[in-house]
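Shown next, in structure tokens, is the structure this report addresses.
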Amino acid sequence: MRAETPLRSETPLLSVQGLTVTFDGFTAVSELSFDLYEGQTLAIVGESGSGKSVTALSIMRLVTLGTRAKIAEGQIFFRQPDGSTIDLVQADEAELRKIRGNQISMIFQEPLTSLNPVYTAGNQVVEAIRLHQDVTKAEAYQRAFEVFERVRIPEPKKRLKEYPHQMSGGMRQRVMIAMALSCDPTVLIADEPTTALDVTIQAQILGLMRALQDETGAAVIMITHDMGVVAEVADDIVVMRNSKLVETGNVFDIFEKPTAPYTKALLASIPRLGSMTGKSQPERFDLVDMDAPV
Amino acid sequence: MTDFETLVEVKDLCKEFSVPGKAKIHAVEHVSLKVGKGETLAVVGESGCGKSTLAFLIIKLLESTGGQILLDGHDITHLHNKSMREYRQKMQIIFQDPFASLDPRRSVGYAVGEPLIVHGEESKGAALNERVGGLFERVGLERDHAQQYPHQFSGGQRQRVCIARALALHPELVIADESVSALDVSVQAQVINLMMELQQDMGLSYLFISHDLAVVERIAHRVAVMYLGQIVELGPRSAIFENPSHSYTKRLLDAVPIADPRQRRERPLLTGEIPSPRWEHGTSPELVNLVEVEPGHFVAEE
Amino acid sequence: MAETDVHGMSDGQELPDPHLDTSRLRQAPAKYQGLRMFMRNKAAVFGAVLLIAILFITFILPIFVTGDRTERVGSIHLAPGAEGSTTFGTDYLGRDVGRIVMQGGSATLKVAGLAALVIVVVGTTIGAVAGYYGGWVDNVLMRITEFFQVLPGLLFAIVIVALYGASTKSIVLAIGLIAWPTIARLVRAEFMRQKNLEYVKAARAIGASDARIIFKTILPNTMPVVIVQSTLVMGGAILFEAGLAFLGLSNPKDLSWGFYIGANRTYFLSNWWGLTFPGLMIFFTVLSLSLIGDGLQDAANPKLRGR
């Protein structure tokens, strides 16, 4: 079990300040600020439409792809491995391409569609490595083999040669994680990485992510709607609702002493395994009004 | 074992699908269970375990390849269209995706009133509107909502509309196939509360198909755990959750993340796959033998 | 660390587990699956055999058949099999119909092949760029596409050929210019669909450039559609070339199938073979391409694979 409050260096690794993202006049994220420190797992929690995924895509500056979204205001300061700090909102495409997948990488919800169906798993990881590192194909392949081992893919040699459709959902998600870790990023953004998986497979992936974080020391931003997942992996939480930050703090504080009515309502509506122990009949949720004044 | 009078009984129900490559999917293998009047029986399991197929078989959206389905003591296994009609009213299903199960070009009031028209209970006019309005109120919506279209509603409201539609013909059994899985947690809790309230007021029976054990723990009287098309453990909720006896049930319960950071679980770094119920021609799964370990609590022998 | 490849994460294996042997679930290597699907479609296999036969007749066989096709081999209008005639009869100049049809195919196929290449390259590039970038880029490119689409095709081709002369180059250009919009629209639609899929997002997230995403990420995924469509485009190009040649808009020295049909049409009532044999060749070539296209459609559909 990890320490409840991780040690923090003075300066955050990633600092989002006053981020506002709009789509055709509709505000998807509004004046959001939070900091991410080295080795920290920060969960951004919210229900659909809360703006949590848009936040993740904004950090990668992927939010504008094919949409009319734009980052209207705010800064996202990122401390690069060489010590320099860059504002990702102002960075140009060339700079961003160097950062994406290399220093900040991302895994997505749907392991079914997040791998390219026409390439083998190995090929995709090799390409990701060669995009950022000046290595030969053979060296990249060796590196891919190592990350496959690191994410505990059984028979890594064989799996490298397989196509995504030959793999189960859990295995594909491991490949995605391998690809994300292949260049030793300092920040890993995981957008609902276990939502599409069955519960026993989800447990494996969560366990894996926890172990990998201990091994690599990468900071993780976990985007999720599942409070169970949050309770299991997060150090700190950002609760979002309707594009705004509702509450932020340490995972224990939020779960035990939530202050915002919305957080209270959210926590009251979660089915908690074991909460019915000793009760003979089914029982309704004791719901809290989420719009109650503080 | 249960205090409930039996409403639906399923005996040795089987469903096989032929798949290309000379193989068969044994989706449901000799499943036997009962749903009592006013009771919620939850069927849990992971993808491919056959829980949804079982629901479809019972409501006869799929034709079983073996076994019997008894509704109120009547064998409905081989009934079709006309002879099935009166029984069909007694069983309704609510699906996972409320948006996909509503016609986007029809008002939601039409969707709720349609079963009444189809079954000749009401034709058009004030009486129909009155009943539809009543159903809307019953599920916590406003009467005026009937005029609106599915896209004007939130996911939770749409699921309420689907529940209203299911209730239109006064069913005795409502099959909920992952009905709350796609909803946001706060909405999910409200819909679950509504379902429990309706059960109390109307004496409904639920066959609650779900992969979410935490939800099941809230709503179920009894629980059946399915694995590879077979029931491996069946019993009262407290027995399944407090005294799980089959190793698969334990594994399933261990895997659920608990929404409490003080209860973080150690996760072994294993890799595993969910097995497939696909069997080559000439092979078939071995049948499990259920043993009653305590009253009403059945566990497959391992 | 103990790692098992079975679902059993606890010690006892409680159920007969068909997944113990995980290899059972895995399918044959993907590269052969396409071929297998294709081979399963009998009509497509027939089409492929037919096309190979046609290619053999037009490109290989002429190497072994000596003699100039323009040379007179007997009296004019001799029916096939008649005395002093050849297997396929003679035409209005006493030339061997069989030899002309055999050798004329290469001109038709060359023009059609080149035209199809132009169509596919131009159509795919424009469709890809329009679909990927969207917005004003898409608007401009689609207006251009529509302009070419509403042009009366044959008339436009006649103008081009009349302006630049009846050379292979001008005919290829003419066919290419009027036929690319179909592929462009198809590829654009595919790109618009695929660019929102997560693997494309994932590619951007690893730092891939636009060019890389267009050509190395999305394009390989649209290739099935493009390949299927290009067989149909090729069939269409053959018909179009035949049409132009029939009207006399082709290099007369090539004696292509279409041109030859045009040349023989005056004698149709007394000389059926001069028209029928080149006509049959066009018919079978187009048929074989369309059957192959159908088979490729099955082969390219991953949902049908592994069955």
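The values are calculated or read from the model by the stated rules, or taken from the named source; none is laboratory data. Predicted model only: the values in this text are computed from it and were never measured. Cβ sites come from the backbone with ideal geometry, for glycine too, and all protein chains shown count toward neighbours. The accessibility values were calculated without ligands, DNA or RNA, using every heavy atom of the protein model including side chains. Shrake-Rupley method; radii C 1.70, N 1.55, O 1.52, S 1.80 Å.
Quick notes on this structure:
- Selection within region B:285-302 - more than 14 Å from chain A (Cβ to nearest Cβ) and open to solvent by less than 70 Å² (accessible area, probe 1.4 Å): B:285, B:288, B:290, B:291, B:297, B:298, B:299, B:300
- All of B:239, B:220, B:214 fail the test of being of a type outside the set (D, E, K, R), touching a residue at least 40 places away in the same chain (Cβ under 8 Å), more than 10 Å from chain A (Cβ to nearest Cβ) and open to solvent by less than 30 Å² (accessible area, probe 1.4 Å), apart from B:239.
- Taking the listed residues B:225, B:215, B:232, the one that is in contact with an Asp or Glu (Cβ under 7 Å, 6 or more places away or on another chain) and not in a loop (DSSP other than H, G, I, E, B) is B:225, with no other qualifying.
- Residues of region A:251-278 that turn out to be more than 10 Å from chain B (Cβ to nearest Cβ), open to solvent by less than 30 Å² (accessible area, probe 1.4 Å) and touching a Pro at 6+ places or on another chain (Cβ under 9 Å), as a count: 1
- Condition met for residue C:63 (aliphatic (A, V, I, L, M), open to solvent by 80 Å² or more (accessible area, probe 1.4 Å), free of Cβ contacts under 8 Å to residues at least 24 places away in the same chain and more than 30 Å from residue C:297 (Cα to Cα)): yes
- For region A:132-161, residues that are touching a helix residue (DSSP H, G or I) at 6+ places or on another chain (Cβ under 8 Å) and either at negative phi or of a type in the set (Asp, Glu) (or both) total 20.
- All helices (runs of 4 or more DSSP H) inside region C:149-268 with 3 or more residues being among the small types (Gly, Ala, Ser), open to solvent by less than 10 Å² (accessible area, probe 1.4 Å) and over 30 Å from residue A:61 (Cβ atoms): C:168-194, C:219-246
- Pairs where the first residue, in region B:148-171, is away from chain A (no Cβ under 14 Å) and under 16 Å from residue B:192 (Cβ atoms) and the second is of a type in the set (Ser, Thr, Tyr) and not in a loop (DSSP other than H, G, I, E, B), C-beta under 7 Å, 6+ apart: none
- Residue tally, condition under 30 Å from the mean Cα position of the chain (by Cα) and either at pLDDT below 85 or more than 8 Å from chain B (Cβ to nearest Cβ) (or both), over region A:279-291: 5
- Positions within region A:119-147 being within 19 Å of residue A:103 (Cα to Cα) and open to solvent by less than 30 Å² (accessible area, probe 1.4 Å), in sequence order: A:124, A:125, A:126, A:128, A:129, A:140, A:144, A:147
- Considering residues of region B:235-277 that are part of a helix (DSSP H, G or I) and among the polar types (S, T, N, Q) only, the residue farthest from the chain's Cα centre (by Cα): B:263
- On inspection, residue A:195 qualifies as surrounded by fewer than 19 Cβ atoms within 10 Å (Cβ to Cβ), of a type in the set (Val, Ile, Thr) and under 30 Å from residue A:48 (Cα atoms).
- Looking across region C:193-218, just one residue is among the aromatic types (Phe, Trp, Tyr) and either within 15 Å of residue A:96 (Cβ to Cβ) or facing chain A (nearest Cβ under 7 Å) (or both), and that is C:199.
- In this structure, residue C:111 does not satisfy being in a helix (DSSP H, G or I) and open to solvent by 10 Å² or more (accessible area, probe 1.4 Å).
- Single residue of region B:244-282 satisfying the filter (farther than 22 Å from residue B:47 by Cβ and more than 11 Å from chain A (Cβ to nearest Cβ)) that is most open to solvent (accessible area, probe 1.4 Å): B:281
- Options B:147, B:159, B:92; residue that is open to solvent by 30 Å² or more (accessible area, probe 1.4 Å), within 25 Å of residue B:210 (Cβ to Cβ) and of a type in the set (S, T, N, Q): B:92
- The one condition from (1) within 23 Å of the chain's Cα centre (by Cα); (2) more than 9 Å from chain C (Cβ to nearest Cβ) that residue A:98 does not meet is (2).
- Answer residue from region A:38-62, given it is more than 14 Å from the chain's Cα centre (by Cα) and farther than 14 Å from residue C:202 by Cα and is least open to solvent (accessible area, probe 1.4 Å) among those: A:50
- Qualifying residue in region A:157-178 (condition: over 29 Å from residue B:276 (Cα atoms), open to solvent by 10 Å² or more (accessible area, probe 1.4 Å) and touching a Gly at 6+ places or on another chain (Cβ under 9 Å)): no
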